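The values are calculated or read from the model by the stated rules, or taken from the named source; none is laboratory data. The shown structure was predicted, so the numbers you read here are calculated from the model rather than taken from an experiment. Glycine gets a Cβ as well: all are built from the backbone with ideal geometry, and neighbour counts include every protein chain shown. Side chains are part of the model used for accessible areas, which takes the heavy atoms of the whole protein and leaves out ligands, DNA and RNA. Shrake-Rupley method; radii C 1.70, N 1.55, O 1.52, S 1.80 Å.
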Amino acid sequence: MRAVILLILLITACHPVLASTIPADAARYKRDLIRVSHAEWGLDAPVATFAAQIHQESRWRTDARSPVGALGLAQFMPGTSKWIAGTYPDRLDGNQPYNPMWSLQALIIYNRWHYQRIPAQTDCDRWAFTLSAYNGGLGWVQRDKKKAAAQGLDASRYWGSVEYVNAGRSAANFKENRGYPDRIINRWQPLYQDAGWGIGVCN
């Protein structure tokens, strides 16, 4: 019995990716995500980044609901879901956060909406700001950048600069927000790139 326990511990230690693997549910949406990404973003769409973001948001569970009320694959809050559906009625058929296809398309559109509004020194910095905005709101990104500039930091750089500046979030919210781009780009994105989901950002 002791030998069995030791063997299990050894296997677990050698394979810490057990919780870091692509969920089986992701496979059914791979083709749809690639198609929608290319349609919305172009052939250079960072599909692996979008997949990593969905992984972070919901682990590909279409029925996901967070304790604060975020819904579906892309974990839109009800207010944001309603806003994006109303802003892009020609591309999003109503307000359907639990609809997987709607969620995939809305996530990509919302990322582009942020991306177009956030200048940055490099594309990698711009993507980090974009993901931070998706998670915490564009207003916080703008306030963080403004405070960074006031402190003499380079407000056009996320990594090593604005990422350390908190314009007023709670400690818990700041920690969660700063972990969001890092986990997507550095932890989950490589899984999807290695699995053939396409390109990512910051490579």
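Can you tell me which of His38, His15 is over 18 Å from Gly137 (Cα atoms), at pLDDT below 90 and not aliphatic (A, V, I, L, M)?
Just one listed residue meets the conditions, His15.
Could you list, ordered by first residue, the pairs with Cβ atoms under 7 Å in which the first is in the range 173-196 and more than 22 Å from Gly137 (Cβ to Cβ) and the second is open to solvent by less than 10 Å² (accessible area, probe 1.4 Å) and of a type in the set (Gly, Ala, Ser), at least 6 apart or interchain?
Gln189/Ala48; Gln189/Ala52; Tyr192/Ala48; Tyr192/Ala51; Tyr192/Ala52; Gln193/Ala48
Does the range 46-87 hold any residues that are open to solvent by less than 60 Å² (accessible area, probe 1.4 Å), of a type in the set (A, V, I, L, M, F, W, C), closer than 18 Å to Ala133 by Cβ and not in a helix (DSSP H, G or I), and which are they?
Result: Ala70, Ala74, Phe76.
Could you grab me the full set of residues in the range 23-45 that are touching a residue at least 12 places away in the same chain (Cβ under 8 Å), loosely packed, with under 14 Cβ neighbours inside 10 Å and outside any loop (DSSP other than H, G, I, E, B)?
Asp32
Would you tally the residues in the range 120-167 being open to solvent by 50 Å² or more (accessible area, probe 1.4 Å) and farther than 25 Å from Asp44 by Cβ?
Final tally of qualifying residues: 13.
What's the total number of residues in the range 166-182 that are more than 17 Å from Asp125 (Cβ to Cβ) and among the basic types (Lys, Arg)?
Number of matching residues: 2.
Run Leu131 past the list (1) of a type outside the set (Lys, Arg); (2) touching an Asp or Glu at 6+ places or on another chain (Cβ under 6 Å); (3) under 24 Å from Gly200 (Cβ atoms) and report the number of the one that doesn't hold.
(2)
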